[in-house]
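Undergrad: Below is a structure I'd like to ask you about.
The values are calculated or read from the model by the stated rules, or taken from the named source; none is laboratory data. For clarity, every value in this text was computed on a predicted model and none was experimentally measured. Counting neighbours? That spans all protein chains shown, and the Cβs are built from the backbone with ideal geometry, glycine included. We work out accessible area using only protein heavy atoms, side chains counted, and drop any ligands, DNA or RNA first. Shrake-Rupley method; radii C 1.70, N 1.55, O 1.52, S 1.80 Å.
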Amino acid sequence: MSKLLVTGGAGFIGSNFVHHVIRHTDHTVTVLDKLTYAGNRDSLAGLPANRVELVVGDIADATLVDDLVGRVDTVVHYAAESHNDNSLDDPRPFLDTNIVGTYTLLEAARRNGTRFHHISTDEVYGDLELDDPARFTEATPYNPSSPYSSTKAGSDLLVRAWVRSFGVQATISNCSNNYGPYQHVEKFIPRQITNVIRGIRPKLYGAGENVRDWIHADDHSSAVLTILDRGRIGETYLIGADGEKDNKTVVELILSLMGEPSDAYDHVTDRAGHDMRYAIDSTKLRTELGWVPQYRDFEAGLAATIDWYRRNDAWWARDKDGVEAFYASKGQ
Ligand code: NAD
Ligand code: TDX
């Protein structure tokens, strides 16, 4: 049994990880989360109080972080400003949380000798052409495009430097696009599902040819547990489940699963600097650590996600109007 500190555990992937840990291990979890617009304490509702504690605070608060890190065996660092569109509007919080926050956690892990796992994204590698046979591997050079992905790249490099210079016991994972329950309605899949529920037409940026490599959040969680169990210190592991789909295909699938005509969507203003394609080669994680994804049927996973949003209107309704007003102001 281990004591975990999960930063950002009230966000989308962090809360899915906390649910996964409670279901599949006997670890206890302290969540450190600032509860920004993206954090929601209701995402942790129903979890056992003797195993999950929520501390509301900032990962850049050195005193708080040092105290919490000193009380656990392992830090799993999910907290971040995570949305590309927001980073184009106001990059500053991305620097504060993704760079300074990660630095603050690393210093605490260094002082306390605590095992550290850093959660990152495939976006640090930039993008691929649609017809490129290549996929990202651990050896792909960093080439981030947006303020979001550049701050995630910076945070990854800080982790590598703290391993090399100070001997911090850290691993890194870079995962592809996640879908599943508890994802904020600003993101692509929940935005379109909740649009259809509200009678709003889904909104596709540009031509909708951009490709994302979808993985269920629960598979991301099992991969992270595998790395915590068997990962080699100082190593990076790419996490992906061979789920490449273009955005147009995903919107059309959402519409048809929800009983609407599959062409009932609008093309809107494209994202500035919009990455064309992400694709992960997760051979290292699969062959060295023996990880296998469980959600192999995207359509079934998407149908279950649609069902979750239909049943949990109260979880997302508070955010919907504000998000749509923000996008409308940008012609999106
Ligand atoms: P999210 O925006 O849903 O959640 C982020 C959480 O971090 C929120 O609960 C928020 O309140 C918290 N937070 C933000 N700033 C904080 C601060 N200064 N101190 C403490 N807590 C703070 O994000 P997500 O989609 O769940 O992403 C989680 C992590 O996974 C991020 O590091 C992201 O880069 C990475 N990632 C995401 C995806 C994806 O598809 N969403 C894919 C690969 C990697
Ligand atoms: O309304 C929309 N219409 C649309 O066409 C929105 C919100 C998005 N899109 C497109 C943009 C992307 O090509 O859909 C794709 C997915 O968009 P997002 O959900 O914003 O995700 P993305 O920018 O790919 O980044 C996500 O995956 C990698 C997460 O938000 C990041 O945190 C993670 O690092």
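Undergrad: Among the residues of the stretch 220-249, how many are within 12 Å of ligand 2 (Cβ to nearest atom) and either out of contact with any strand residue (DSSP E or B) (no Cβ under 8 Å at 6 or more places or on another chain) or free of Cβ contacts under 8 Å to residues at least 24 places away in the same chain (or both)?
TA: 1
Undergrad: Suppose we filter 189, 119 for residues that are more than 23 Å from residue 7 (Cα to Cα) and among the β-branched types (Val, Ile, Thr); which single one remains?
TA: 189
Undergrad: I've got another one for you. Using the structure shown, decide if residue 159 is open to solvent by less than 40 Å² (accessible area, probe 1.4 Å) and touching a helix residue (DSSP H, G or I) at 6+ places or on another chain (Cβ under 7 Å).
TA: Yes, satisfied.
Undergrad: Here's something else I'd like to know. In the stretch 9-37, which residue that is within 14 Å of ligand 1 (Cβ to nearest atom) and assigned to a loop (DSSP other than H, G, I, E, B) is most open to solvent (accessible area, probe 1.4 Å)?
TA: My answer is 34.
Undergrad: Which residue is nearest to ligand 2 (Cβ to nearest atom), if the candidates are limited to the stretch 49-70 and must be part of a helix (DSSP H, G or I) and surrounded by 15 or more Cβ atoms within 10 Å (Cβ to Cβ)?
TA: The extreme case among them is 65.
Undergrad: Could you please let me know if residue 270 is part of a loop (DSSP other than H, G, I, E, B) and more than 30 Å from residue 198 (Cα to Cα)?
TA: Taking the combined requirement at face value, the residue does not satisfy it.
Undergrad: What are the residues in the stretch 38-48 that are surrounded by 13 or more Cβ atoms within 10 Å (Cβ to Cβ) and part of a loop (DSSP other than H, G, I, E, B), if any?
TA: Across the stretch 38-48, the qualifying residues are 38, 39, 40, 47.
Undergrad: Exactly one of these conditions fails for residue 3: (1) open to solvent by 30 Å² or more (accessible area, probe 1.4 Å); (2) within 16 Å of ligand 2 (Cβ to nearest atom). Give me its number.
TA: (2)
Undergrad: If you scan the stretch 278-295, which residues turn out to be closer than 27 Å to residue 207 by Cα and either open to solvent by 30 Å² or more (accessible area, probe 1.4 Å) or of a type in the set (Phe, Trp, Tyr) (or both)?
TA: 278, 281, listed by residue number.
Undergrad: Looking at 73, 90, 96, can you tell me which residue is within 30 Å of residue 28 (Cβ to Cβ), out of contact with any strand residue (DSSP E or B) (no Cβ under 9 Å at 6 or more places or on another chain) and either surrounded by fewer than 24 Cβ atoms within 10 Å (Cβ to Cβ) or modelled with pLDDT under 95 (or both)?
TA: None of the others qualify; the one that does is 96.
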